[in-house]
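Before I ask anything, let me first share the structure, which is written out below as structure tokens.
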Amino acid sequence: MSGADPGEWGFDTRAIHIGQEPDEATGAITVPIHLATTFVQTAPGQHRGFEYARTSNPTRVALERCAAGLEGAEHGLAFASGMAAEDAVIGLMRPGDHVVLGTDAYGGTFRLIAQVYGDRGIGWSAVDMTDRDALAAAIRSETRQVWVETPTNPMLTVVDIAAVADVAHAAGADVVVDNTFATPYLQNPLELGADVVVHSTTKYLGGHSDVVGGFIAVDRDDLAERLSFIQNAVGAVPSPFDCYLLLRGVKTLGVRMDRHCDNAQAVAEFLASHPAVDRVLFPGLPSHPGYEVAASQMRRPGGMVSFIHTGGEAAAVAAVGATRVFRLAESLGAVESLIEQPSTMTHLSVADSPLAVDPGLVRLSVGIETVDDLLADLDQALG
Ligand code: P1T
């Protein structure tokens, strides 16, 4: 879809223009950072759409409109972090309710569900989301939400969103998709049947390792109403400056993702024939079990690559400490390449749980540097 009408704009035009009309007062081409915490009223309750900055703020509204537009969603809500966005979604449930999540998910998501909400009376089960029968068996009468990550963090498993939505909806549960790894440029879960999309905007949407944020996109008015009530009541909102940085990042999301995808494909192919690599996990390789589902529900396979080192934990630890261009750090999705060992870093909180990860696993967030430098760096580090 592309055209002169805003309703027909392509992805990059939406990223640059939705919610970002030139400032009416000054003509400023970029959205101003509105620091005001309160907005004058002409009579009690009479205002121009803004009353108090926790409830709403013009810079945040610009970001919410823009990011919702990228997901093709009716409603968008910005939060102070990806975890704050997830907390709002889980906050829709009550004690006695139950949630199903995948056996492969970001460690912080598991920690929130199992260790924070588990203690407050919300039950959970973890299943292999690629197994339709296992999912159907895990859903109970009190199941309210089915949480899907795809591709997953850190195993890059691809989950068929439409298939999960069929099973979950038949049982009356909502489907929540964490679209952080794919981004709205590569995958739009609402179109595939999801009810709620969450993002850690700290990653690709920000894209420069300089802002922590979260986002929720929904089409359903009932969900939007309850989530915006929680957003205001709890107050885990991003600052105006964070919203500005995210608007700035999102403008280049499409061009960055194309380079992330090109570089990740080259890195995955390089690793696939490297003797120090036992198995490459990347949905753009035909050998990956999720290759076909990825090709049908994603525009491209993304910028994340994981692999199992033939030498196990000790060799994985040595490799992640030996790169020079890939920096040893948590997080992902920014312009610079990062390398990490999930079992002791991002996924420490899943140790001894059904989500535990292989200590020989190495995760790469492939950046947008010159690809030959990335390949040479991995070669010397694995060598
Ligand atoms: O860090 P925060 O913005 O709160 O987002 C949490 C989060 C949610 N969902 C997924 C899929 C994530 O990967 C994350 C954060 N992940 C990392 C920090 C990491 O290195 O994997």
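The values are calculated or read from the model by the stated rules, or taken from the named source; none is laboratory data. Quick caveat: nothing in here was measured; it's all calculated off a predicted structure. Heads up, the Cβs are rebuilt from the backbone with ideal geometry, glycines too, and the neighbour counts pull from every protein chain shown. Remember, those area values only see protein heavy atoms, side chains included, never the ligands or the DNA or RNA. Shrake-Rupley method; radii C 1.70, N 1.55, O 1.52, S 1.80 Å.
What would the Debye formula give as log10 I(q)/I(0) at q = 0.24, 0.31 Å⁻¹ for the alpha-carbon point model of region 318-372, no solvent?
Calculated log10 I(q)/I(0) at the listed q: -0.91, -1.22.
Does anyone have the angle between helix 253-272 and the longest principal axis of the chain? Alpha-carbon axes, 0 to 90°, nearest 10?
Long axis of 253-272 versus the principal axis of the chain: about 10 degrees.
Ok, one more. Could you check the spin-label model distance between residue 225 and residue 65? Points 7 Å from the Cα along Cα→Cβ, value in nm.
2.3 nm
What does the convex hull of the Cα atoms of region 253-382 come to per residue, in Å³, rounded to a whole number? Don't skip to the end; give the middle numbers.
On the way: hull volume 13.8 nm³, N = 130.
Hull volume over Cα atoms, normalised by residue count, gives 106 Å³.
Which net charge results when you count Lys and Arg as +1 and Asp and Glu as -1 among the other residues whose beta-carbon is under 14 Å from that of residue 234? Mind dumping the intermediate values first?
Values: positive: 54, 226; negative: 86, 87.
Net charge in that neighbourhood comes out at 0.
Quick one: putting +1 on the C-beta of Lys and Arg, -1 on the C-beta of Asp and Glu, what dipole do you get for region 92-132 around its Cα centre, in Debye to the nearest 20?
Its charge dipole is roughly 180 debye.
Compute the orientation-averaged projected area for region 9-250 from the convex hull of its Cα atoms and round it to one decimal in nm². Mind dumping the intermediate values first?
Values: hull surface 53.9 nm².
Approximately 13.5 nm², given one-decimal rounding.
Given the -39500 (n - 2.57) contribution per DSSP H run of 4+ residues, what per-residue ellipticity at 222 nm results for the chain, rounded to the nearest 500 deg cm²/dmol? Can you show the working numbers first?
Details: 13 runs with 128 residues, N = 383.
The helix-only estimate for the chain comes to -10000 deg cm²/dmol at 222 nm.
Right, next: Where both residues lie in the chain, what percent of DSSP beta bridges are antiparallel, nearest 5?
Numbers: 24 of 42 bridges.
Here the antiparallel bridges make up roughly 55 percent for the chain.
Could you tell me what percent of the accessible area of the chain is made up of carbon and sulfur, with a 1.4 Å probe and every protein chain present? Write out the running numbers ahead of the final one.
Values: 8320 of 15980 Å².
Of the solvent-accessible surface of the chain, carbon and sulfur hold 52 percent.
Oh, and also: Could you pull out which residues in region 93-111 have an amide N less than 20 Å from a spot 7 Å beyond the Cα of residue 344, following the Cα-Cβ vector?
So the set is 107-108.
Moving to a separate point now. Distance between the C-alpha centers of region 198-270 and region 362-383? Whole Å please.
Answer, in whole Å: 25.
A follow-up question, please. Using a Debye calculation, one point per C-alpha and no hydration shell, please list log10 I(q)/I(0) for region 44-158 at q = 0.12, 0.13 Å⁻¹ in order.
Debye output, listed in q order: -0.56, -0.64.
Ranked highest first by average number of other Cβ atoms within 10 Å, how do 262-273, 151-162, 64-75 line up? Kindly include the intermediate steps, with their values, before the conclusion.
Working: 262-273: 19.0, 151-162: 24.2, 64-75: 22.2.
Result, highest mean first: 151-162, 64-75, 262-273.
Net charge around residue 30, counting only other residues with Cβ within less than 13 Å of its Cβ (Lys, Arg = +1; Asp, Glu = -1)? Don't skip to the answer; put the middle values down first.
Values: positive: 248, 251; negative: 21, 23.
With Lys, Arg at +1 and Asp, Glu at -1, the neighbours total 0.
Residue 272 to residue 30: extension gain in nm, 0.36 nm per residue of separation minus the Cα-Cα distance?
82.7 nm
Next question. For a label point 7 angstrom out from the Cα of residue 292 toward its Cβ, which stretches of region 74-107 have the backbone nitrogen within less than 15 Å?
Of the residues in region 74-107, none has backbone N under 15 Å from the label point off residue 292.
Highest first, please rank the peptides 357-368, 222-233 by the mean number of other Cβ atoms sitting within 10 Å of their residues.
Values: 357-368: 23.2, 222-233: 16.2.
Descending mean neighbour count gives 357-368, 222-233.
Further question on the same structure: Would you mind computing, in nm to one decimal, how far apart the modelled labels at residue 322 and residue 162 are, each placed 7 Å from Cα along Cα→Cβ?
Here the modelled spin labels are 4.5 nm apart.
Compute the accessible area per residue over region 253-382, keeping the other protein chains in place, probe 1.4 Å, unit Å². Present the calculation step by step, with values, prior to reporting the outcome.
Working: 5230 Å² over 130 residues.
In whole numbers, region 253-382 has 40 Å² accessible per residue.
Tally Lys and Arg at +1 and Asp and Glu at -1 over the other residues with C-beta under 14 Å from the C-beta of residue 82: what net charge comes out? Write down the numbers at each step before the final one.
On the way: positive: 111, 203; negative: 86, 87, 149, 178, 242, 330.
Net charge around residue 82: -4.
Sequence-distant or interchain residues sharing an amide H contact under 5 Å with residue 279, placed H: which?
Amide H neighbours of residue 279: 308.
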